[in-house]
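For reference, the structure discussed in these notes is given below.
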Ligand SMILES: [Fe+2]
């Protein structure tokens, strides 16, 4: 790795791996969510995530390199934690709360990653690519906000 361009490519590959792993994990999270809205949120984000993965493929094609060949170990760890949690015996409400917590960790991780590549893309003069990556970043923020609302809804229900 010799310059920012190499680092940019490395970060894109990392995100590509992260999105690919998430596509496999989200159906399991949706299946285990009890609350209908939470289930729907996971299903919607699965569709969004597939689109985000496509976007990364397009970007890498434009930059003439393959997005494959790296494993995002951080995402692997986050998903493993979520899977371990699902093995725990827990009441529906607690399970949903835990799923929200795990999903928000994932979103925050992705927000950090996309924030970085948007900056690098701008710095390297790839303004169209920066726009595409910004679109994904906005979606990740939205997904996180939705999870926030669901977590708050849970809290309100409990208060009642
Ligand atoms: Fe994503």
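Just so you know, all these numbers are worked out from the coordinates, no wet-lab data involved. Note that the coordinates shown come from a computational prediction; the quantities given were computed from them, not determined experimentally. Note that each Cβ is placed from the backbone with ideal geometry, even for glycine, and that neighbours are counted across all protein chains shown.
With label points built 7 Å along Cα→Cβ from the Cα atoms of residue 122 and residue 135, find their separation and express it in nm.
Each label point lies 7 Å from its Cα, and together they span 1.9 nm.
What is the chain's relative contact order, in percent, from Cα pairs under 8 angstrom and six or more apart in sequence?
Details: 142 pairs, mean separation 45.1, N = 160.
Reported as a whole number, the value is 28 percent.
Can you tell me the 0 to 90 degree angle between the C-alpha axis of helix 92-123 and the longest principal axis of the chain, rounded to 10?
20
What are the extents of the Cα atoms of the chain along their three principal axes, in Å, largest first?
Largest to smallest, the principal-axis extents are 54, 27, 22 Å.
Give the peptides 97-104, 124-131 in descending order of average Cβ contacts within 10 Å, highest first.
Working: 97-104: 20.2, 124-131: 14.6.
Descending packing order for the listed peptides: 97-104, 124-131.
Kindly put 89, 84, 142 in sequence by how many other C-beta atoms sit within 10 Å of each C-beta, fewest to most.
Working: 89 6, 84 10, 142 14.
Ranking 89, 84, 142 by Cβ neighbours within 10 Å, fewest first, gives 89, 84, 142.
Measure nothing fancy, just the Cα-based angle from helix 4-32's long axis to the longest principal axis of the chain, in degrees from 0 to 90, nearest 10.
Helix 4-32 and the main axis of the chain meet at about 20 degrees.
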